[in-house]
Amino acid sequence: MSFLQRLFGGSRSPAASGEVARDRLKLVLEYDRAKLTPAQLDQIRDDIIEAISRHVTLGNGQVEVKLEAGGRLVAEIPLGRAASDKQ
Amino acid sequence: MNGTAGGRIITITSGKGGVGKTTASANIGVALARRGLRVAVVDGDIGLRNLDVVMGLENRVVYNILHVVRGAVDAERALIRDKRVAGLSLLAADQHSDKDDVSPEEMIEVCEALRNHVDYVIIDSPAGIEQGFRNAVAPADEVVLVTTPEVSAVRDADRVIGLVEAAGKPSPRLVLNRIKPELVARGDMMTTEDVLDILRVSILGVVPEDGSIVAATNRGEPVALVDGSRAGQAFHNIAARIAGEDVPLLPITVEDTGLLGRISSLFRAGPAADGGRS
């Protein structure tokens, strides 16, 4: 932001560092509070893939496991076509 | 809360060091005493004595907390009276021993003895989450958490909230220290709302960054003794809230120190535009 813009209270830059700080903190605290590391999350994902593949065929997409606000562990699991044919 | 008769024990802690814990302890003590209340401020940082110099009482220390723990002197007799403010006194830390030389039980015993003589016992906790922190929190009826609006300090504060609650204490109230209004206005510092949203605790006070704190500490005069400083006012408001008064938060506005600042604030958008200086 130029000196003049700042002097006259110009609009905030899109990546105001205060907001970046807030968003980074929110994410890191979700992991802190859940006592989870990204490495453990990878392990959980691998375990989920193994468990689900015993019952259905997985699709081609990535299995995604992530921690969401409020301490919710969310898994997104793409299923293959054969899934609907199985018992 | 503890049902024992006598004064209230409040521990000031932070997790991260260097966020203004000792300054906050000294000033909350001064501000409560200036309201006519009897206050004993206790330096809980055993081995790294600091509160005495911040309060300007370093030349008058005779006994310290270890003398009390070892039974050499009564807690009340070990207090150093601050001659500038009636009702204010300090229990100094020992400079030559270690945090492990005092146990949580001994800390409780000392503070329980003090509470019979004062309205408030204010314990300045050491940084960190180890033995010294546990000692400082053990006697507390209430914990006040000091943090600055920075990622490292807020992350540590979150950890401390968990530990305080795990210790069976009520959720701490927050003092957000060293807010730089010009950075907040520019979007380069987290706002009070951001920090409260992240930590999910209630706010006890906001303290703007104030150069007069450095000058006051250099002289051994807590800023709450100096009339007319913004930070001093913030600590008086915090003391009023501790005493149960409903005082609105200090508005975070850019100090219009010069012509440029004044012109700039005229054009600044948002709720801070009216200046709102108190």
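Side notes on the structure shown:
- Meets criteria (among the aliphatic types (A, V, I, L, M) and within 28 Å of residue B:201 (Cβ to Cβ)) for residue B:80: no
Here is a yes/no grid of residues against (1) farther than 21 Å from residue B:113 by Cβ; (2) open to solvent by 10 Å² or more (accessible area, probe 1.4 Å):
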site	(1), (2)
B:17	yes, yes
B:22	yes, yes
B:27	yes, no
B:33	no, no
B:48	yes, yes
B:54	yes, yes
B:61	no, yes
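- Of residues in segment A:21-40 being in contact with a helix residue (DSSP H, G or I) (Cβ under 8 Å, 6 or more places away or on another chain) and touching a residue at least 12 places away in the same chain (Cβ under 8 Å), the one surrounded by the fewest Cβ atoms within 10 Å (Cβ to Cβ): A:26
- Elements of type helices (runs of 4 or more DSSP H) in segment A:1-61, at least 3 residues being more than 12 Å from chain B (Cβ to nearest Cβ), at pLDDT 90 or above and over 14 Å from residue B:188 (Cβ atoms): A:38-53
- Members of segment B:82-96 found to be within 21 Å of the chain's Cα centre (by Cα) and either more than 14 Å from residue B:34 (Cα to Cα) or hydrophobic (A, V, I, L, M, F, W, C) (or both), listed by number: B:85, B:86, B:88, B:90, B:91, B:92, B:93, B:94, B:95
- Meets criteria (open to solvent by 40 Å² or more (accessible area, probe 1.4 Å) and within 19 Å of residue B:45 (Cα to Cα)) for residue B:99: yes
- Residue within segment B:95-116 that is touching a helix residue (DSSP H, G or I) at 6+ places or on another chain (Cβ under 6 Å) and in contact (Cβ under 8 Å) with a residue 60 or more places away in the chain present: yes
- Segment B:205-222 residues that are in contact (Cβ under 8 Å) with a residue 12 or more places away in the chain, paired with ones that are open to solvent by less than 10 Å² (accessible area, probe 1.4 Å) and assigned to a loop (DSSP other than H, G, I, E, B) (beta carbon under 7 Å, 6 or more apart): B:216/B:222
- In segment B:176-222, residue nearest to the chain's Cα centre (by Cα) [restricted to those that are assigned to a helix (DSSP H, G or I), of a type in the set (A, V, I, L, M) and more than 10 Å from chain A (Cβ to nearest Cβ)]: B:213
- Listed by first and then second residue, the pairs with beta-carbon distance under 7 Å, at least 6 apart or on different chains, first residue in segment B:233-256 and without any contact (Cβ under 8 Å) to a residue 60 or more places away in the chain and of a type in the set (A, V, I, L, M, F, W, C), second open to solvent by less than 70 Å² (accessible area, probe 1.4 Å) and assigned to a loop (DSSP other than H, G, I, E, B), are B:234/B:250.
The values are calculated or read from the model by the stated rules, or taken from the named source; none is laboratory data. Computed from a predicted model, the values in this text were never measured in an experiment. Backbone-built Cβ (ideal geometry, glycine too); neighbour counts: all protein chains shown. Ligands, DNA and RNA are excluded from the accessible area calculation, which covers all protein heavy atoms including side chains. Shrake-Rupley method; radii C 1.70, N 1.55, O 1.52, S 1.80 Å.
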